[in-house]
Each structure stands twice: as structure tokens, then as C-alpha cells.
Amino acid sequence: MSSVSRRRFLALAGSGLGAAALVGCTATHAAERTDAAAPFPWGATPTGTPTPVPTPAPTPVPARGRELVTLLKDTPWAVEGIAIHSGKPGPRVMVLGGVHGNEPGGWFAAEAIADWQVERGSLLVLPRVNWRSAAVVERTLPEIGDINRAYPGNATGAPAQKIANAIIEVGRDFSPELLYDLHESWVFYGERGANNGTAFIGQTFSIGAGASDKDIDRLANVVRTVNGQISSREEFYMRGAATPRPGVQVVPQNPNQQPQNTQRPTPPPNGVTFSGTTSLSLGQWIKRCVPILVEMGQQDQAESRRSALHQMLVRTTLQQSGML
Ligand SMILES: [Zn+2]
């Protein structure tokens, strides 16, 4: 059962509860934390208890404000996040950070993004999905498993399965059109030489299952815009487009690997099978959502710069969507 129901998101609409549910989200660094079992691993403990209010006629636009979101509440695997509502209609975007605990550029970026305010639509950020692993800067822990190989997950499975399943549930409730999953690799893709594998895909921007040609055009424009503002070494390669887009370097398609430019299922997504258990498969499980997996190169690139580049990609996307 989802710990965050659609009703809860919608219950904020026009009720003023959004303000009551306001919480601080001061970022804390993994290295500063020693209490890995604390209930709010990436930020301040929220104060105040939302008061249930009757909402006989929910509207589709939540009131402007910030809402604490808890996945797997009251379990050892609880994951905290923030829904940031503009109070106006507009796109919905979801951001995952810290799925792998040894990729801090992604989670620091997500924590910074969790402090943003959007002016249209809504933003949902889960800054440290795998916070127990982030607390010890390990990719993951044996008792958790790899969340980014666990989709669609299982509510009664191992912790990684439970968390993956909960991300899909909250995604279905929130209904984002884009989902960013912020990761890090080691070697820059452009410097990989003959090497292959996930340690050699730094500075890649992968578009997952379900993206249409129009989605890819739009995301290519994000990559093109960001690439125009950074050094040539830092430039992102796009993965997941069957046809290259002008001015954007691409990772050649391998038909045996995710991501693939698979057309959005119609009607989505029941009964349609894509391969893959990474977040690039989330378009299969969250209706009308295009997943994007960013891998930032760690080799000879400062953590602060990695975080800044992650933020540039998300900020540019929100700006081009009219959300900022
Ligand atoms: Zn990763």
C-alpha cells in the first residue's frame, strides 16, 4: 500500500495545508552524519503535524507550498522527499538523488534542488533514496541491494525491491512527465578509449523507455543548451535516441542494451514489456513519464562541479518547461 496516496497530494489543493506541512530541508553531508538510523537522513526533522482536513472537492492544482513526502513510512527503509508546489498549473518533474551511496555529486545536487521554488507546476525531489549507503559512501549495502537494478520492485521483496516499488507508487501518485535520476560514473565517456561498462559512462544523458521523438527533441535542446555553457571536456553525450540530434554527441545505440528509443505504449503501459531493471525502465511503469538517467564523470572532476552540472541539467529543463 502506498504511504503517499494521490489523495494526499491532491488534499493540499486550496486547503492551506501546504503551508502547515512546510518543513525545512537543510542539507547535511553524509560525512557529517553518524546516526544512520535517524528517521530524517538528509535534512532537518520536520516540525508540526499536518492536520487532516476534509477535502470533498479536490482540485488538480495543489496549493503553493512544500510537502514532506515519506516513502515506506514507519519502516527501516523509509525515504524522505519534498514535493514543491507552485500553486499554478504546469509540468510535474521528479528528481531522484542518492540511489547509489558513493555518487555524492548526484545527491548534493538533489539536495540543492530540494530547496528550489517552482513558479509553475510541481517538483518532487527524493534527495537520498539510498541514504543508509550514502551515510557510509558505499554504492549500496548488502542488506539493501541495488535499487537501480530492482525496478519495478516488489512491495514484499528485499529492501531494494521495496524501495523501487515505493518510487513507482509515489511516481504514479505524482504523475511526472519527466523523471531525473542523478548518478555518477568514473571515467568520462569521451575518454573511455576501448573500455566499456558502467564505470566509463561519465557525462552521459540517457533517455529511457517511453520517450517519443518529440520528447527527445526537447531533451536534446536541454543538452545542447547546457553543452553551450560548459567546457568541451564536460559536454554531455546523449543516449537513447535512435536518430542523432543536430549539435549533440550521441552514444551509439546497442540494440541489446537499455536505453532504447522505444515508442511510448498506447495505451500505456499495462501489458507492454520493455527490458531493463534500471530507472530507464520507469517509463514503462509510470504512465506518460520519460525517465532520464544522468551519469557524471568523477575522474578529475570536483564534487562541487559534478553537483553544479547535475543542477544545470535540471534547471535548464525546468526553465525550458516554464517552471522557473
Ligand atoms: Zn549510480
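Were the residues from residue 233 through residue 102 laid out at 0.36 nm apart, the gain over their Cα-Cα distance would be 44.9 nm. Here the range 102-207 is treated with +1 on each Lys and Arg Cβ and -1 on each Asp and Glu Cβ, and its dipole about the Cα centre works out to around 220 debye. Once you put a point 7 Å from the Cα of residue 141 and another 7 Å from the Cα of residue 195, both along the Cβ direction, what distance in nm separates them? According to this spin-label approximation, the distance is 2.9 nm. Note on residue 212 and residue 149: the extension gain reaches 20.3 nm, defined as 0.36 nm multiplied by sequence separation minus the Cα-Cα distance.
Where a number appears in this text, it was derived from the coordinates with a stated rule and is not lab data. All of these numbers come straight from a predicted model, not from anything done at the bench. Note that each Cβ is placed from the backbone with ideal geometry, even for glycine, and that neighbours are counted across all protein chains shown.
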